[in-house]
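Take a look at the structure set out below.
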Amino acid sequence: MQEVSALVRSILKKYNIKGGTFDQHFLIDTCYLDRIVAAAELSPQDTVLEIGAGIGNLTERLARRAKKVIAVELDPSLISVLHDRFDAVGNIEIIAGDALKVDFPVFDKVVSNLPYSISSEITFKLLRHKFKLGILMYQYEFAARMVSPPGCKDYSRLTVGTYYFADASILMKVPKGAFQPAPEVDSAVVKLIPRPAPFEVRNEAFFLEFVAAVFSQRRKKLRNSILNTNYLLKIPDVKEVVSQLPEDFMSKRAENLTPEELAGIANMIFDLKSG
Ligand code: SAM
């Protein structure tokens with residue numbers, strides 16, 4: 001049964017907050033709020049980053065368990081709510097601004113009900129920082145693409161990019177009714193554990209560009225997808241390079257190659273093009 005936070009309801013009413021803009025869907029179901037906080041396994045040593053703190057429903061729960069919470073919020077009206085609620089609380093710092101643009105301070109864990117329209121950009125911005133654990137809410141379809149096995153319809157550039165930086169798993173599906181206003185889509189909470197890539201990559205920028213290029217033509221054989229996207233990859237003598245790559249891989253589609261295999265091919269191309 002859904003338990004709705006009376007406090008969250010009263011804050012939305014008091015400040016006349018309707019939500020809807022800036023991806024504002026407030027998590028009002030205390031059961032899911034508590035499960036997210038439990039999944040973060042917080043200790044009094046942890047500094048937690050929260051992206052899109054909204055009215056602070058998750059923020060206050062995180063602050064009860066962590067050393068410090070750094071709450072980033074874009075919407076000026078919600079920033080006022082956060083200041084009203086938390087200026088007297090010693091371990092909550094509010095950063096007003098766009099999470100894609102602000103510099104993140106050092107943090108141990110990131111726990112957020114993310115604004116879905118910036119899911120990809122904010123995830124890869126986060127993954128370029130050093131942290132121990134992420135507990136992040138996404139649109140369900142996005143989460144499914146982050147964790148898909150090769151060969152499945154959700155296996156994508158996002159899967160390979162995520163796997164390059166972190167182990168990812170879906171912890172729970174969250175229904176629309178857990179939010180106010182309810183979004184049009186279901187959501188899922190993903191656990192991210194950053195780690196070094198489990199395969200060697202000669203040049204990270206080229207590997208990520210290569211993955212993006214070949215998945216933009218995921219139904220084509222790799223040979224054709226490389227030739228067709230060479231305006232992005234800029235491989236000199238591309239036909240010659242492709243002719244030197246293993247036929248086993250060239251006749252497969254990107255969607256049927258593992259991240260390790262894609263990295264192997266990107267490395268071979270990088271070596272050939274670097275002479
Ligand atoms: N944390 C609250 C919760 O769990 O109920 C709100 C989550 S709501 C899905 C997303 C929040 O992100 C909103 O408060 C919205 O204003 C904020 N937001 C949207 N775009 C943002 C951005 N680029 N940078 C920082 N915050 C953003």
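Odds and ends about this structure:
- Any hit, the range 218-241, residues being under 17 Å from the mean Cα position of the chain (by Cα), open to solvent by 40 Å² or more (accessible area, probe 1.4 Å) and among the basic types (Lys, Arg): no
- Test for residue 10: is it without any contact (Cβ under 8 Å) to a residue 40 or more places away in the chain, over 23 Å from the mean Cα position of the chain (by Cα) and within 15 Å of the ligand (Cβ to nearest atom): yes
- Test: residue 212 is part of a helix (DSSP H, G or I), of a type in the set (A, V, I, L, M, F, W, C) and farther than 29 Å from residue 72 by Cα: yes
- Residue, nearest to residue 18 (Cα to Cα), within the range 52-93, restricted to residues that are among the basic types (Lys, Arg) and within 13 Å of the ligand (Cβ to nearest atom): 85
- Tally, over the range 105-127, of residues that are farther than 12 Å from residue 48 by Cβ, outside any strand (DSSP E or B) and either of a type in the set (D, E, K, R) or open to solvent by 20 Å² or more (accessible area, probe 1.4 Å) (or both): 8
One line per residue, one yes/no per condition, for (1) more than 11 Å from the chain's Cα centre (by Cα); (2) modelled with pLDDT under 95; (3) open to solvent by 30 Å² or more (accessible area, probe 1.4 Å):
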| residue | (1), (2), (3) |
| --- | --- |
| 133 | yes, no, no |
| 137 | no, no, no |
| 160 | yes, no, no |
| 166 | no, no, no |
| 175 | yes, no, yes |
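- Residue 69 vs. criteria touching a residue at least 60 places away in the same chain (Cβ under 8 Å) and within 19 Å of residue 192 (Cβ to Cβ): no
- Residue ID - most open to solvent (accessible area, probe 1.4 Å), chosen from residues in the range 12-32 that are touching a strand residue (DSSP E or B) at 6+ places or on another chain (Cβ under 6 Å) and among the aromatic types (Phe, Trp, Tyr): 32
- Whichever residue in the range 15-34 is assigned to a helix (DSSP H, G or I), at pLDDT 90 or above and within 16 Å of residue 180 (Cβ to Cβ) and, among such residues, is farthest from the ligand (Cβ to nearest atom): 31
- Members of the range 33-76 found to be acidic (Asp, Glu) and surrounded by fewer than 23 Cβ atoms within 10 Å (Cβ to Cβ), listed by number: 34, 41, 46, 60, 75
- Some residue of the range 80-91 being surrounded by fewer than 20 Cβ atoms within 10 Å (Cβ to Cβ), in a loop (DSSP other than H, G, I, E, B) and acidic (Asp, Glu): yes
- Residue 37 within 13 Å of the ligand (Cβ to nearest atom) and in a helix (DSSP H, G or I): yes
- Which numbered condition residue 160 fails, given (1) under 17 Å from residue 255 (Cβ atoms); (2) touching a His at 6+ places or on another chain (Cβ under 9 Å): (2)
- The set of residues from the range 72-86 being of a type in the set (D, E, K, R) and either free of Cβ contacts under 8 Å to residues at least 60 places away in the same chain or in contact with a Cys (Cβ under 6 Å, 6 or more places away or on another chain) (or both) comprises 73, 75, 84.
The values are calculated or read from the model by the stated rules, or taken from the named source; none is laboratory data. Predicted model only: the values in this text are computed from it and were never measured. Glycine also receives a Cβ, built like all others from the backbone with ideal geometry; neighbour counts cover every protein chain displayed. Ligands, DNA and RNA are excluded from the accessible area calculation, which covers all protein heavy atoms including side chains. Shrake-Rupley method; radii C 1.70, N 1.55, O 1.52, S 1.80 Å.
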